[in-house]
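To start, the structure itself, in structure tokens.
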Amino acid sequence: MSLYTSVAWPLLRHIDAEDAHRASLRLLSLGLPLGFTAPYRDAMLQTSIAGMKLPNPVGLAAGFDKNAEVPDAMLRLGFGYVEIGGVTPRPQPGNPRPRVFRLEADRAVINRMGFNNEGLDAAVARLAARQRKAGLVGANLGANKDSTDRAGDYAIGYAALAPLVDFCVVNVSSPNTPGLRNLQGREELVGLLARLVPLRQQKPRPLFVKIAPDLTDADLDDIAELALEHKLDGLIATNTTIARPESLKSPNKAETGGLSGAPLLAPATEILRKLYARLGGKVALIGTGGIASGKDAYAKIRAGASAVQLYSALVYEGPGLASRINRDLAALLKQDGFRSVAEAVGIDAK
């Protein structure tokens, strides 16, 4: 057992989930060494995605650091890259509390945060202050709940944040802003990309779209076709799910919001595999959803992911998780005779 699981978690589990998260951000911002061990490094884990060179393929998903408060602290914990946000043009409080629920027996979380964040100006100020620091940081772009032009919100976010980050992610898959997921539909996505692709030409940054796990095969056909047509740099599969598997045991399983964590691993990986089959490696894929071990990360890579992301598992496994996953991932790659992460990408989807 790690120091986190044996000492910290037994205490944190009795604190409101959102309060515990805020406390963690505060400690990280103060520079406290929450990793307890040095980050694991292995040259064979070095890889690239959408032209970006990564020290390892294990990234921090959006939602943990909404306001760009601790990207460098998380990089020091062993993450290969960090995605901050989601950031909306104007600050917004999000949905009423409580809005984050642990499903401990299921190693899962339900959240209905609703894009709560301090807004674009706060994120811009913090990201500008960290310029010239090493480490890849991306921005997750969102739209304000009361916006009358959501495509315009994404365009505003891209224009402001692209010069300050290494990549941008268009989040059209959060279930906690009414109507937002409609932007994944063919007509709506065409309109959104028509606003963003010209901006990418003016301020070039890899552009990803993050999709939901609750999509039909027809939806995936449309998304894959548009990704190729508009030369998207990548897709992130997937966001949280509105589904509730019958296997859930925790008392909080009926709470409204997006479900993440272990129950999402299989369905999100299947979406990844289907996308890889449709795209044939022509559009980069980032796999997220349910990752808590090197084995989980390896499954995503074999299904077609060039890199992966996690967040919910940190609740249960603690800040040393990225290094443990990287160590186990390197061992699995070597065991199967691969010399690099890239050699294993999509091996199970071909």
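Between the listed residues V341, L265, L103, the Cα displaced farthest toward the positive end of the dipole of the chain, a dipole computed from Cβ unit charges relative to the Cα centre, is found at V341.
Over the stretch 200-350, Cα pairs under 8 Å with separation of 6+ residues give a relative contact order of 21 percent.
Take the convex hull of the alpha carbons in the stretch 249-350; its mean projected area over all directions comes to 7.2 nm².
In terms of accessible area, using a 1.4 Å probe and ignoring ligands and nucleic acids, V308, V197 rank largest first as V197, V308. As a length-normalised measure over Cα pairs under 8 Å and 6 or more apart, the relative contact order of the chain settles at 19 percent. The 3J(HN,Hα) values that the Karplus relation (6.51, -1.76, 1.60; θ = phi - 60°) gives for the stretch 88-100 are, in residue order, 9, x, 10, x, 8, x, x, 7, x, 7, x, 9, 10 Hz. Gly and Pro appear as x. Evaluating 6.51 cos²θ - 1.76 cosθ + 1.60 at θ = phi - 60° for every residue in the stretch 285-292, the Karplus couplings come out as 10, 10, x, 9, x, x, 6, 9 Hz, glycine and proline recorded as x. Between S6 and L226, the FRET efficiency estimated from the beta carbon spacing at R0 = 35 angstrom works out to 0.15.
Beta bridges per DSSP, both residues in the stretch 165-297: antiparallel share near 10 percent. Accessible surface for E255 stands near 60 Å², nearest 10, in the context of the full protein assembly shown (1.4 Å probe). Under 5 Å from the amide H of T47 lie the amide H atoms of L54, N56, each residue being 5 or more positions distant or on a separate chain, with H modelled from the backbone and absent for Pro and chain starts. Distances longer than 25 Å among the Cα atoms of the stretch 5-150: what percent of all pairs is that? When every Cα pair of the stretch 5-150 is considered, 35 percent fall beyond 25 Å.
Computed with a 1.4 Å probe over protein heavy atoms only, the accessible area of S174 comes to about 10 Å².
Please report, as a whole percent, how much of the solvent-accessible surface of the chain comes from carbon and sulfur atoms (probe radius 1.4 Å). It is 55 percent, rounded to a whole number. From the coordinates of this entry, semi-axes √(5λ) of the Cα gyration tensor in Å is computed, and it appears in (1) 26, 24, 21; (2) 31, 24, 20; (3) 39, 24, 19 under the label (1). For the chain, the solvent-accessible area works out to 41 Å² per residue, with a probe of 1.4 Å and every protein chain left in place. For the set K300, K274, the ranking by accessible area, highest first and with no ligand, DNA or RNA atoms included, is K274, K300 under a 1.4 Å probe.
Short-range pairs are left out: with C-alpha atoms under 8 Å and at least six residues apart, the relative contact order of the stretch 58-159 is 32 percent. In plain terms, the C-alpha convex hull of the stretch 71-196 casts an average shadow of 8.9 nm² when viewed from every direction. Computed 3J(HN,Hα) for the stretch 230-236, one whole-Hz value per residue from the Karplus formula 6.51 cos²θ - 1.76 cosθ + 1.60 where θ = phi - 60°, is 9, 6, 4, 6, x, 10, 10, glycine and proline marked x. Annotation: the antiparallel percentage among DSSP beta bridges lying fully within the stretch 16-153 is about 50.
Ordering D121, D42, D16 by accessible surface, largest first, gives D121, D16, D42; the 1.4 Å probe counts only protein heavy atoms, with every chain in place.
Qualifying trypsin sites (Lys or Arg not before Pro) in the stretch 163-269, where qualification requires a DSSP coil assignment and no more than 11 other C-beta atoms within 10 Å, comprise K249. In a DSSP loop and with at most 15 other Cβ atoms within 10 Å, the chymotrypsin sites (Phe, Trp or Tyr not before Pro) in the stretch 20-116 are F36.
Backbone amide hydrogens, once placed in the peptide plane, bring V87 within less than 5 Å of N140, L141, G142, excluding anything fewer than 5 places away on its chain.
All other residues whose Cβ lies under 11 angstrom from that of R90 are scored, Lys and Arg at +1 and Asp and Glu at -1, for a net of -3. In the chain, the calculated helix contribution to ellipticity at 222 nm averages -10500 deg cm²/dmol per residue, counting -39,500 (n - 2.57) for every DSSP H run with n ≥ 4. Take every DSSP beta bridge whose two residues both sit in the chain; close to 30 percent of them are antiparallel.
V190 sits with roughly 60 Å² accessible to a 1.4 Å probe, with DNA, RNA and ligands left out of the calculation.
The values are calculated or read from the model by the stated rules, or taken from the named source; none is laboratory data. Computed from a predicted model, the values in this text were never measured in an experiment. Note that we place each Cβ from the backbone using ideal geometry, even for glycine, and neighbour counts take in every protein chain shown. Ligands, DNA and RNA are excluded from the accessible area calculation, which covers all protein heavy atoms including side chains. Shrake-Rupley method; radii C 1.70, N 1.55, O 1.52, S 1.80 Å.
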